[in-house]
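Data first, discussion second: the structure below is written as structure tokens.
The values are calculated or read from the model by the stated rules, or taken from the named source; none is laboratory data. Just so it is clear, the model here is predicted, and its values are computed rather than measured. No Cβ is skipped: glycine too gets one built from the backbone with ideal geometry, and neighbour counts run over all protein chains shown.
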Amino acid sequence: MSLVVDVRKRLGSFSLDVSFEVESSSEILALLGPSGCGKSLTLKCIAGVLTPDEGRVMLNGRALFDSSARVNLPPRARRVGYLFQQYALFPNMTVEANIGAGAVGVSREERARRVAEQVRAFHLEGIERLRPAQLSGGQQQRVALARILAGDPELILLDEPFSALDGHLRWEFEMMLSDTLRAFPGGSVYVSHNRDEVYRLCDTVCVVADGRSEEKLTIPELFSTPSTLAAALISGCKNVSRARVAGEGGARGATLACDDWGVELRTTLPVPPGVTHAGLRAHYLRVHADPARAAGEPNVIPCAVDRVIDSTFSTIVMLRTPGGALLRYECEKDAWAPLAGARELAVVADPSIVMPLSGGDAA
Amino acid sequence: MDWYPLINSLRIAAISTVVVFFAGIWLANLVARAPRLVKGALDVVLTLPLVLPPTVVGYLLLVLLGPRRPLGALAAQLLDLRLTMVWYAAVFATVIVSFPLMYRTARGAFEAFDPTLADAARTLGHSERWIFWRVKMPCCLQGIVAGAVLAFARALGEYGATSMLCGYTPGSTATVATTVYQLWRTGDDAGALTWVLVNLAISAVVLLAMNWFEARGRAGAAARRAGAR
């Protein structure tokens with residue numbers, strides 16, 4: 001299984017420029033980015049329902065689109081399954097007929113066999129003769145997946161598959177989807193703006209920001225050591241400051257002058273070229289009410305407590321840094337209890353959690 | 001009583017509805033997908049007969065189809081066929097006058113069609129022809145049938161252009177609408193009233209059919225909404 005995508009497309013004032021590869025069998029790649037960043041457009045270019053201006057899309061060595069060789073296969077010849085956000089089931093057909101519509105160019109017997117197989121696999125027994133309007137959102141999603149798999153595609157594209165489902169239903173279908181994609185022999189490209197879904201479902205991730213794709217990362221890399229501002233923000237990093245490298249610290253690590261926070265912080269993480277920002281995850285910070293207890297620690301940020309927010313399962317503390325910008329600290333409610341009422345806190349950022357980031361506007 | 005005007009009206013309306021049905025679907029589908037500028041221009045041309053007085057349509061048709069006019073002369077020479085003052089000449093008038101009703105209703109239905117359904121069908125491996133006949137048409141059927149019923153009703157009631165093209169010849173070009181006028185003009189009030197009642201009855205049936213289709217559509221939409229929940 002291999003998918004190579006490298007396409008450019010202009011649409012009005014928006015320009016799309018994405019490139020990534022899916023290399024191994026049953027790899028699930030996430031395209032992660034905020035709404036309107038071009039993730040869905042990318043899927044449409046792969047499926048062929050939208051034609052890129054230039055570039056190429058190769059699937060298992062087959063050119064689906066190649067502007068230099070003037071290849072542009074119609075969608076029906078691409079063997080790419082596409083799970084649409086609203087599932088796009090044919091409203092005039094029964095569940096059975098919808099699934100059967102996925103099996104194109106096969107004999108009547110083979111189609112019936114595949115429909116029966118998918119009905120079993122997705123537990124659709126008893127609703128085969130209903131129409132999409134009579135199904136719940138979850139059932140619709142299962143029928144849409146069954147329809148795609150009945151066509152035996154080489155690749156599956158999923159466009160925010162949970163956006164049409166209610167919160168409490170999502171979990172159940174997420175597990176079902178995970179099983180389905182794991183069992184699928186080809187690769188999958190999963191579009192989402194939800195980092196938690198991506199963390200649980202995918203193997204690799206490509207952050208897309210403002211029409212541009214960044215380097216492909218493994219899921220642990222995205223969440224532990226994102227190297228760009230966009231990746232840090234989409235992976236849930238709440239604290240970023242404009243920063244520049246103030247001093248090298250040997251082969252690994254450096255000192256970053258963080259302008260918004262008004263401090264210099266040591267980092268032991270790899271420093272990408274062109275650092276513009278530093279990031280700190282709200283959960284990884286440590287705080288001391290007594291500054292003496294922070295003495296000797298490498299990165300200490302003396303802060304004033306600005307406000308304390310009681311959240312569902314945690315306490316969020318907004319801290320005023322020497323540079324004037326706010327820093328967000330988050331901890332268990334129990335951990336905050338002994339510190340409640342403190343006006344000043346010494347914040348300790350271990351050098352292993354200070355993330356040097358590139359790709360933002362320069363400091 | 002001579003039922004000829006009713007039979008003539010029904011056959012004219014039926015033929016014209018068949019023509020308008022296919023032409024309307026074809027052009028509506030074309031215009032629904034056309035670029036904006038072309039769409040605007042075509043839309044004006046295709047809807048024009050809806051706002052023109054039928055006498056203007058009749059005049060323009062006579063200019064084209066009259067015995068000494070280009071198309072009329074051609075038909076006479078090649079096929080030995082008259083295009084005016086014969087019963088089937090009314091079909092030209094009713095096609096032009098009822099076409100916008102079919103076209104606009106069908107276009108509305110096509111424009112409301114969710115294009116992702118077509119995209120989904122394409123990615124599943126289906127041809128454009130399959131998509132049109134198996135997904136698009138069934139999804140838009142209600143609007144299309146409604147348009148056809150409206151076009152049929154309009155064709156049945158056509159008077160202005162028809163009388164200009166065919167005149168009134170009993171047993172030949174007489175239709176329900178022209179008969180009502182002719183009988184009233186000659187002082188046969190009772191005869192005119194009979195045909196008025198016939199006309200009212202047909203119109204009521206057509207409107208009932210329309211409402212039945214609409215109610216069925218609403219029930220379908222309600223079921224879809226309930227299903228989404």
Check your understanding: Just checking, how many residues over the stretch A:171-194 are surrounded by fewer than 18 Cβ atoms within 10 Å (Cβ to Cβ) and either modelled with pLDDT of 90 or more or not hydrophobic (A, V, I, L, M, F, W, C) (or both)?
Key -> 8
Practice item. Determine which member of the set A:Leu59, A:Leu32 is surrounded by 22 or more Cβ atoms within 10 Å (Cβ to Cβ), of a type in the set (A, V, I, L, M), away from chain B (no Cβ under 12 Å) and touching a His at 6+ places or on another chain (Cβ under 9 Å). Key: A:Leu32
Review point. Looking at B:Ala106, B:Ala73, B:Ala90, which is the one that is farther than 28 Å from B:Ala146 by Cβ, assigned to a helix (DSSP H, G or I), away from chain A (no Cβ under 14 Å) and not hydroxyl-bearing (Ser, Thr, Tyr)?
Key: B:Ala73
Exercise for review: Looking only at the stretch A:37-54, decide whether some residue is over 29 Å from A:Asp203 (Cα atoms) and either within 12 Å of chain B (Cβ to nearest Cβ) or among the acidic types (Asp, Glu) (or both).
Suggested key: yes
Revision key, fill the gap. From the option list A:Asp306, A:Asp334, single residue qualifying as out of contact with any His (no Cβ under 9 Å at 6 or more places or on another chain), assigned to a strand (DSSP E or B) and of a type outside the set (A, V, I, L, M) is A:Asp306
Check your understanding: Given (1) of a type in the set (Gly, Ala, Ser); (2) in contact with a Cys (Cβ under 9 Å, 6 or more places away or on another chain); (3) surrounded by 15 or more Cβ atoms within 10 Å (Cβ to Cβ), where does B:Ala112 come up short, assuming only one miss?
Key -> (3)
Practice item. Please give the number of the condition B:Gly143 fails out of (1) buried (at least 20 other Cβ atoms within 10 Å of the Cβ); (2) within 28 Å of B:Phe213 (Cα to Cα); (3) within 13 Å of chain A (Cβ to nearest Cβ). Key: (3)
Point to revise | Residue match in the stretch A:61-83 (condition: of a type in the set (Phe, Trp, Tyr) and over 16 Å from A:Leu157 (Cα atoms)) | key: yes
Exercise for review: State all residues of the stretch A:77-91 that are assigned to a strand (DSSP E or B), aliphatic (A, V, I, L, M) and at the interface with chain B (Cβ under 7 Å from one of its Cβ atoms); if no residue qualifies, say none.
Suggested key: A:Val80
Check your understanding: Identify, please: which residue in the stretch A:276-293 is over 30 Å from the mean Cα position of the chain (by Cα) and assigned to a strand (DSSP E or B) and is, among those, surrounded by the fewest Cβ atoms within 10 Å (Cβ to Cβ)?
Key -> A:His288
Check your understanding: Would the stretch A:87-105 turn up any residue that is charged (D, E, K, R), in contact with a Gly (Cβ under 7 Å, 6 or more places away or on another chain) and either surrounded by fewer than 23 Cβ atoms within 10 Å (Cβ to Cβ) or modelled with pLDDT of 95 or more (or both)?
Key -> no
Check your understanding: Limited to the stretch B:8-36, what total is found for residues that are out of contact with any Phe, Trp or Tyr (no Cβ under 9 Å at 6 or more places or on another chain), farther than 26 Å from B:Phe113 by Cβ and surrounded by fewer than 21 Cβ atoms within 10 Å (Cβ to Cβ)?
Key -> 1
Check your understanding: If you check every pair at least six apart or on different chains, which have Cβ atoms under 6 Å apart with a residue in the stretch A:195-212 that is at pLDDT 90 or above first and a residue that is of a type in the set (Phe, Trp, Tyr) and crowded, with 20+ Cβ neighbours inside 10 Å second?
Key -> A:Cys202/A:Tyr190; A:Cys206/A:Phe20
Review point. Restricting attention to the stretch A:296-328, which residues are of a type in the set (Lys, Arg) and without any contact (Cβ under 8 Å) to a residue 12 or more places away in the chain?
Key: A:Arg307
**Study point:** Boolean, A:Arg76 is under 26 Å from A:Pro132 (Cα atoms), of a type outside the set (Gly, Ala, Ser) and modelled with pLDDT under 95
**Key:** yes
Practice item. With the checklist (1) among the acidic types (Asp, Glu); (2) within 14 Å of chain A (Cβ to nearest Cβ); (3) touching a residue at least 24 places away in the same chain (Cβ under 8 Å) in hand, flag the one item B:Asp119 doesn't pass. Key: (3)
Exercise for review: Using the structure shown, decide if A:Leu345 is assigned by TED's automatic domain parsing to the domain that holds A:Pro272 and without any contact (Cβ under 8 Å) to a residue 60 or more places away in the chain.
Suggested key: yes
Exercise for review: Among the residues of the stretch B:122-138, count how many are closer than 30 Å to B:Arg154 by Cβ, buried (at least 20 other Cβ atoms within 10 Å of the Cβ) and more than 7 Å from every other protein chain (Cβ to nearest Cβ).
Suggested key: 1
Revision key, fill the gap. Note on B:Ser163: of the conditions (1) without any contact (Cβ under 8 Å) to a residue 60 or more places away in the chain; (2) of a type in the set (S, T, N, Q); (3) more than 14 Å from chain A (Cβ to nearest Cβ), unmet is (1)
Revision key, fill the gap. Residue pairs qualifying under the 9 Å Cβ cut-off, at least six apart or on distinct chains, with the first in the stretch A:227-240 being within 9 Å of A:Gly360 (Cβ to Cβ) and the second being part of a helix (DSSP H, G or I), are A:Val240/A:Leu229; A:Val240/A:Ala232; A:Val240/A:Leu233
**Study point:** Members of the stretch A:217-236 that are among the β-branched types (Val, Ile, Thr) and either outside any helix (DSSP H, G or I) or on the phi > 0 side of the Ramachandran plot (or both)
**Key:** A:Thr218, A:Thr225, A:Thr228
Point to revise | Verdict on B:Ala112 being farther than 30 Å from B:Thr179 by Cα, within 14 Å of chain A (Cβ to nearest Cβ) and not acidic (Asp, Glu) | key: yes
Point to revise | Test result for A:Asp210, under 22 Å from A:Gly36 (Cβ atoms) and not aliphatic (A, V, I, L, M) | key: yes
Exercise for review: Just give me the residues in the stretch A:348-362 being among the hydrophobic types (A, V, I, L, M, F, W, C) and either surrounded by fewer than 17 Cβ atoms within 10 Å (Cβ to Cβ) or without any contact (Cβ under 8 Å) to a residue 60 or more places away in the chain (or both), in sequence order.
Suggested key: A:Ala362
